[in-house]
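Heads up, the thing below is written out as structure tokens.
The values are calculated or read from the model by the stated rules, or taken from the named source; none is laboratory data. Quantities reported herein were computed from a predicted structural model and do not represent experimental measurements. Here the Cβ positions follow ideal geometry from the backbone for every residue, glycine too, while neighbour counts run over all protein chains shown.
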Amino acid sequence: MPRKSPRSRRKPGSAPRVPASPRVRSAPGQSRTRASRAGHALKGARPATVSGAKKAARKAPKSRRPVAAKPAKKRAFVTPDPVRVQAILDHLREFYPDAKCALDYTTPLQLLVATILSAQCTDERVNLTTPALFAKYPDAAAFANADPKQLEDMIHSTGFFRQKARALREACADIVAKHGGVVPRELEQLTALRGVGRKTANVVLGNAYGIAAGIVVDTHVGRLSHRLGLTNEQDAVKIEFALQRLVPRDSWTLFSHWLILHGRAVCNARKPCCSICPLAPFCPKVGVTLFQ
């Protein structure tokens, strides 16, 4: 029996079939899943713009909704008690009676040079470098006229030797041209030299000239000032001005030496030795989590 074609099977009077839409093919470089989703979206379906987690959070009752954590309130800084500050000074003076500058020098120029070299370097390394340096360059004119390559080689071990060599040459050139080869005795004139900031100027004035122009704020001084609750400032200059209001002027230079020695010997950064610290009865231990 001959096979009938599909057209011959249709009932008379039936509507002609509409050809189906062509199958969506993915474009080159595009995944088939994404193309099929775009081509076969259900009629009347809303685009998925809100994630399931957000929908669940909206439908959940208010009692079960996650509550955002409130930011911790910053503790208000309380001005240190003058009695407590004086007790800290008295104990530091008694505990470190021979405190002095850790850098080796004989002239103000040598101290200026050593302080510039001590940036991002230990005092011990600087003291190993300066004897040969001072023998080769005895005055400011010698530093100003020094060969850059030779000077860099001599101070290479202190780190940042190119910047430091340039700072030494230009600072000494200004000392020769503007101050007759003598290191100035005023803070503004010192800070005008290349590579000399308030910290370096205060070191030179306080130790070489005995002039209390300010307080030297290095890493140890800034850290211990916060730990002892003397200030909550973060900038070195603001820390210096805050300490100047608490410490008598005649103790400004020694106060820096006391905190530097105490920070190295007892009050370590990560785990201070509070059990042997003479300042323990007067220290609020701000920021201390581990101690021994």
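Test L224 against the criterion of being in a helix (DSSP H, G or I) and either over 30 Å from V85 (Cα atoms) or touching a residue at least 40 places away in the same chain (Cβ under 8 Å) (or both), and give yes or no. Criteria met by L224. The residues listed here are S275, S225, S256; of these, the one that is surrounded by fewer than 18 Cβ atoms within 10 Å (Cβ to Cβ) and of a type in the set (S, T, Y) is S275. Considering only residues in region 183-204 that are under 15 Å from P108 (Cα atoms) and in a loop (DSSP other than H, G, I, E, B), the one that is nearest to the chain's Cα centre (by Cα) turns out to be V196. Among all positions in region 259-278, there is at least one residue which is closer than 21 Å to L112 by Cβ, assigned to a helix (DSSP H, G or I) and either under 23 Å from the mean Cα position of the chain (by Cα) or at pLDDT 95 or above (or both). Looking across region 108-124, the residues that are under 18 Å from R169 (Cβ atoms) and hydroxyl-bearing (S, T, Y) come down to T115, S118. For region 200-212, a residue qualifies if it is crowded, with 20+ Cβ neighbours inside 10 Å and without any contact (Cβ under 8 Å) to a residue 60 or more places away in the chain, and the qualifying residues are A201, N202, L205, G206. In this entry, Q292 passes the filter for residues that are surrounded by fewer than 16 Cβ atoms within 10 Å (Cβ to Cβ) and in contact with a Ser or Thr (Cβ under 7 Å, 6 or more places away or on another chain). Considering only residues in region 76-113 that are among the polar types (S, T, N, Q) and farther than 20 Å from L230 by Cα, the one that is surrounded by the fewest Cβ atoms within 10 Å (Cβ to Cβ) turns out to be T106. Per the listing F255, F291, the residue uniquely among the aromatic types (F, W, Y) and either closer than 30 Å to T107 by Cβ or part of a helix (DSSP H, G or I) (or both) is F255.
For region 178-195, the candidate set comprises residues that are surrounded by fewer than 23 Cβ atoms within 10 Å (Cβ to Cβ) and aliphatic (A, V, I, L, M); within that set, the residue that is farthest from A140 (Cα to Cα) is L187. Counting only residues that are within 19 Å of E152 (Cβ to Cβ) and acidic (D, E), region 169-202 holds 1 of them. Checked against the criteria, A114 does not count as at pLDDT 80 or above and over 36 Å from the mean Cα position of the chain (by Cα). I175 satisfies every condition listed in (1) in contact with a helix residue (DSSP H, G or I) (Cβ under 9 Å, 6 or more places away or on another chain); (2) over 19 Å from V113 (Cα atoms) except (2). From the list L128, L187, pick out the single residue that is in contact with a Leu (Cβ under 9 Å, 6 or more places away or on another chain) and under 29 Å from W252 (Cα atoms). Of the residues listed, the single one that is in contact with a Leu (Cβ under 9 Å, 6 or more places away or on another chain) and under 29 Å from W252 (Cα atoms) is L187. Annotation note: Cβ proximity below 8 Å between a residue of region 229-245 that is under 14 Å from L259 (Cβ atoms) and a residue that is hydroxyl-bearing (S, T, Y) (sequence gap 6+ or interchain) occurs for T231/S225; I239/S225; I239/T231; A242/S225; A242/T231; L243/S225; L243/T231.
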